[in-house]
Amino acid sequence: MNFLLEIAARDFDLTEANKADIHKYAEKLDAAYDRIIRCRVVVEALRHREHKGLFYNVKVVVTLPGTELVIKRKPNEDFHLAVKDSFNAMRRKLEDFVVQRRGKVKHHEETPIAHISNLFPEEGYGFITSSDGREIYFHKNSVLNHDFARLEKGMEVRFSEELGEKGPQASSLTVM
């Protein structure tokens, strides 16, 4: 492990097995992101009025260059589950941080816009002209919301394109 691991307990004493459990999960964080500076784990024992046992509240704070990530889950009466859930949540948060940091956030392209250039209502198909001047076939079944009967030449539509047997075709068409 290439970072400082600090473990603290409030209102109870951690056993060596408890500390080993926390250490094991902290090592997995190191595998998720190798630039962790410090990991601070605070386990708090809470006495519940209605239950005789303890509930464990686990807080994990990971220090990275320029930022700090914090996870605090709901208390759990099982120590191992409380630790496991908190570290799994921190691992997911670290993975999201790494993806965002590397700029691999998905950007969804805008659905292309076209105009209806030819319409053959009796045969159940037509053609649209895309913004780049291509003529694309569409069938009445590709028109969403059963709007084929409403279509008119010149209407503006959004479409999804795919390659058909005879060239490009609109797999879905939405009237704007």
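The values are calculated or read from the model by the stated rules, or taken from the named source; none is laboratory data. Just so we're clear, the structure is a prediction, and the values are computed from it rather than from any experiment. Don't worry about glycine lacking a Cβ; one is built from the backbone with ideal geometry, like all the others, and counts go over all protein chains shown. Keep in mind that these areas ignore ligands, DNA and RNA; they rest on the heavy atoms of the full protein, side chains included. Shrake-Rupley method; radii C 1.70, N 1.55, O 1.52, S 1.80 Å.
Quick notes on this one:
- Scanning the range 81-134 for residues that are at pLDDT 85 or above, of a type in the set (Ser, Thr, Tyr) and out of contact with any Pro (no Cβ under 7 Å at 6 or more places or on another chain) yields SER86, SER117, TYR125, THR129.
- Checklist (1) touching a residue at least 12 places away in the same chain (Cβ under 8 Å); (2) open to solvent by 80 Å² or more (accessible area, probe 1.4 Å) applied to ARG92, failing item: (1)
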